[in-house]
Amino acid sequence: MTAAELARTPVAVNVFCAADFFRGLSLPERVDRALGANVRAADARCPCAEVHSFRLFEEPAVSLAEVPPSELAAATDALGRLDRLSIHGPLRNALISRKAAKRERLAREYRFAIEQAAHFGASCVVVHFSPWSARTEESRLAGVTLLRELGDFALARGVRLGVENGGCTASVRGGGQSLEDFVELIASLDHPAVGATVDTGHLVGWLTAEQQARPAAAELYNNLLAQLLKELHAYGKLFHVHLNDVDPQTFGDHYGPGFGLVDFRRAFEPLCRSGYDGLLAIEMHRGSCAETGSLTPAEFECAVRYAQSCWAEAERAGGKG
């Protein structure tokens with residue numbers, strides 16, 4: 001990769017994943033390590049990262065006003081060294097809970113995440129929202145209403161919300177009952193600040209066990225990913241992407257890019273041609289070993305370099321640069 005190509009790449013790293021790579025480090029140290037892994041030339045690096053809103057501060061808080069000034073200043077200084085940033089919101093799917101108090105509690109946490117995003121200059125907050133898990137129609141509709149209200153809160157602060165496919169439970173790993181369900185959800189929310197986060201490893205639920213066993217399973221998977229990215233981008237609703245790979249034998253996800261079956265070059269080419277302006281945040285827990293948290297520093301850096309090179313090759317194929 002050239003220095004110019006590296007400067008353009010939107011590849012980021014999630015500094016709260018890859019446990020073995022970041023374990024025991026403070027936020028500034030995590031940022032340092034992420035930046036170090038992204039250095040590819042003496043005069044160029046890719047200062048992009050994703051952080052978890054619920055792990056940024058040591059003391060519990062529901063607004064920035066409650067965060068100790070020294071802690072907020074330290075986080076602001078650390079994250080200020082990044083050119084681009086995204087925030088991962090709470091992991092729970094309680095926006096569709098039957099209990100109003102539980103829904104509102106999570107909505108407060110999301111408002112805090114949005115507040116953080118606005119303060120730190122993050123482009124997007126990742127949202128876990130799976131209405132298919134709602135036990136009643138009333139709770140499903142309440143969740144949709146809350147998500148639109150959160151969209152209003154984000155829009156007023158210049159922040160976008162990206163609902164993640166399959167971001168809640170293994171039972172709806174693909175994000176809904178089908179690709180069409182997920183795309184329809186994003187379109188039906190009909191809010192300028194609410195779009196999609198596509199996780200490249202979360203499409204496994206859209207292939208049946210019989211399809212996963214076929215020799216052409218990798219091709220089927222990559223066809224689905226290409227279709228999902230194309231449809232969401234056509235709607236103008238592709239706000240953010242999580243990068244991770246899928247084991248072709250077990251169909252386990254969250255492997256580092258380059259360690260599985262996902263064709264990232266193919267996925268990136270239409271994004272390059274159409275001017276995708278979001279981040280590509282690597283969210284990985286494993287490399288060559290299936291055990292969660294087994295990722296080595298060498299595997300981490302290899303995955304980052306691989307994702308960056310795939311973007312650079314896609315740019316060249318698209319006639320950019």
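Determine, yes or no, whether Leu295 is under 17 Å from Val11 (Cβ atoms), of a type in the set (A, V, I, L, M), buried (at least 23 other Cβ atoms within 10 Å of the Cβ) and more than 18 Å from the chain's Cα centre (by Cα). Yes. Listed by first and then second residue, the pairs with beta-carbon distance under 6 Å, at least 6 apart or on different chains, first residue in the range 104-127 and under 16 Å from His240 (Cα atoms), second of a type in the set (D, E, K, R) and assigned to a strand (DSSP E or B), are Cys124/Arg160; Val126/Glu164. Taking the conditions exactly as written (farther than 16 Å from Ala12 by Cβ and modelled with pLDDT of 85 or more), does Ser123 satisfy them or not? It is false that Ser123 is farther than 16 Å from Ala12 by Cβ and modelled with pLDDT of 85 or more.
Here is a yes/no grid of residues against (1) over 23 Å from Ser86 (Cα atoms); (2) modelled with pLDDT of 95 or more; (3) crowded, with 20+ Cβ neighbours inside 10 Å:
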site: Arg214; (1), (2), (3): yes, no, no
site: Tyr221; (1), (2), (3): yes, yes, yes
site: Lys230; (1), (2), (3): no, no, no
site: Gly252; (1), (2), (3): yes, no, no
site: Tyr255; (1), (2), (3): no, no, yes
site: Phe259; (1), (2), (3): yes, no, yes
site: Arg266; (1), (2), (3): yes, yes, no
site: Asp277; (1), (2), (3): no, no, no
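Scanning the range 232-249 for residues that are under 18 Å from the mean Cα position of the chain (by Cα), of a type outside the set (Phe, Trp, Tyr) and part of a helix (DSSP H, G or I) turns up at least one hit.
Within the range 86-102, the set of residues being of a type outside the set (Gly, Ala, Ser) and either part of a loop (DSSP other than H, G, I, E, B) or free of Cβ contacts under 8 Å to residues at least 60 places away in the same chain (or both) comprises Ile87, Pro90, Leu91, Arg92, Asn93, Leu95, Ile96, Arg98, Lys99, Lys102. Considering the range 133-191, the residues that are among the basic types (Lys, Arg) and in contact with a Gly (Cβ under 9 Å, 6 or more places away or on another chain) include one that is modelled with the lowest pLDDT, namely Arg173. When you scan the range 53-76, do you find a residue that is in a helix (DSSP H, G or I), at pLDDT below 90, surrounded by fewer than 15 Cβ atoms within 10 Å (Cβ to Cβ) and out of contact with any helix residue (DSSP H, G or I) (no Cβ under 7 Å at 6 or more places or on another chain), even just one? Yes, there is a match, as at least one residue in the range 53-76 is in a helix (DSSP H, G or I), at pLDDT below 90, surrounded by fewer than 15 Cβ atoms within 10 Å (Cβ to Cβ) and out of contact with any helix residue (DSSP H, G or I) (no Cβ under 7 Å at 6 or more places or on another chain).
The values are calculated or read from the model by the stated rules, or taken from the named source; none is laboratory data. As the structure is a computational prediction, the values presented were derived from the model and not from experiment. Here Cβ is always computed from backbone atoms with ideal geometry, including for glycine, and neighbour counts include all displayed protein chains.
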